[in-house]
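The values are calculated or read from the model by the stated rules, or taken from the named source; none is laboratory data. Since the model is a prediction, treat every value here as computed from it, not as a measurement. In this analysis, Cβ positions are derived from the backbone assuming ideal geometry, glycine residues included, and neighbour counts consider all displayed protein chains. When the accessible area is computed, the model is the full protein with side chains, heavy atoms only, and any ligands, DNA or RNA have been set aside. Shrake-Rupley method; radii C 1.70, N 1.55, O 1.52, S 1.80 Å.
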Amino acid sequence: MDLPRIFTIRESSHRIHNPLTADKLATLGDSLRLAPGTRALDLASGSGEMLCTWARDHKITGTGVDISTVFTEQARARAAELGVADRVDFIHGDAVGHVTDQPVDLAACVGATWIGNGVAGTIELLDRSLRPGGLMLIGEPYWRRTPPDEQTAKACHATAIADYRELPDLIGQFQDLGYDVVEMTLADQDSWDRYAAAQWLNMRRWLDRNPDDELAPEVREGLTTEPAGYARSTREYLGWGVFALMKR
């Protein structure tokens, strides 16, 4: 059980595996007014930056679950580095179907709603771990503006235009599912740049160290085509945000 190597190559230097900067992640934590002792669950927790920094800054406790052995070890190391290993723990495992034994105050899936086959299924999964009146965080792409054709949508790593909605329609989906949107933090083009461009440097440095690896041709192809494709498509059309929800 693990992520394909290509993902950990691309994001080897990333502490945040989505287009939020550290400042935006901190802003999100501040906006939620988290009380000390808040119990959190983070499904697909990546390298653990959200739980670790919020444990440091807001004195929360929590558990992260991620399928990547590399990211899970990075999360544990980050918890030790920040002195919060007694407040947060990280489990290597499949977040699909993961439910806590005891209800939590905050349940999150920030950028991996495939674990529930989409927004609705992920909300349903998180709700099974969330206490009544708790906060839910969903990180999800949306169209800044609808792409002109399916080819452009696929260049944004979607399978089709229908994969994502424009922002008002995404908020409407949350409302239709019975949730109030009570906060949101959105990526901007600069934070997208930081997320995407850092992958290119990771890829190049990996290639320089591993020219004969079996993945080298795939990494080389990505490094050759992705910067211009990103500037042409993803940067112009794809938005991303984290939305705080409370059940009605």
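On a per residue basis, the range 9-139 carries 41 Å² of accessible surface, using protein heavy atoms and a 1.4 Å probe.
For the chain, the antiparallel share of DSSP beta bridges with both residues in that region comes to about 45%.
Each helix, a run of at least 4 DSSP H residues, gives -39500 (n - 2.57); summed and divided by the residues of the chain, these come to -12000 deg cm²/dmol at 222 nm. One Cα centroid belongs to the range 214-248, the other to the range 84-156; the line between them spans 18 Å. For LEU223, neighbours were defined as the other residues whose beta-carbon sits under 12 Å from its Cβ, and their charges (Lys and Arg +1, Asp and Glu -1) total 0. Estimated at 0.36 nm per residue, the fully extended path between LYS154 and LEU201 surpasses their Cα-Cα distance by 14.6 nm.
The mean sequence distance of close C-alpha pairs (under 8 Å, at least 6 residues apart), as a share of the length of the chain, puts its relative contact order at 22 percent.
For the chain, modelled as a GNM whose springs connect Cα atoms under 10 angstrom apart, the maximal fluctuation among CYS109, CYS156, CYS52 occurs at CYS156. Ligands, DNA and RNA left out, the 1.4 Å accessible surface of the chain is 49% carbon and sulfur atoms. So which residue, out of GLY118, GLY46, GLY64, gets the largest mean-square fluctuation from a GNM of the chain using Cα contacts under 10 Å as springs? Most flexible of the set in this elastic network: GLY118.
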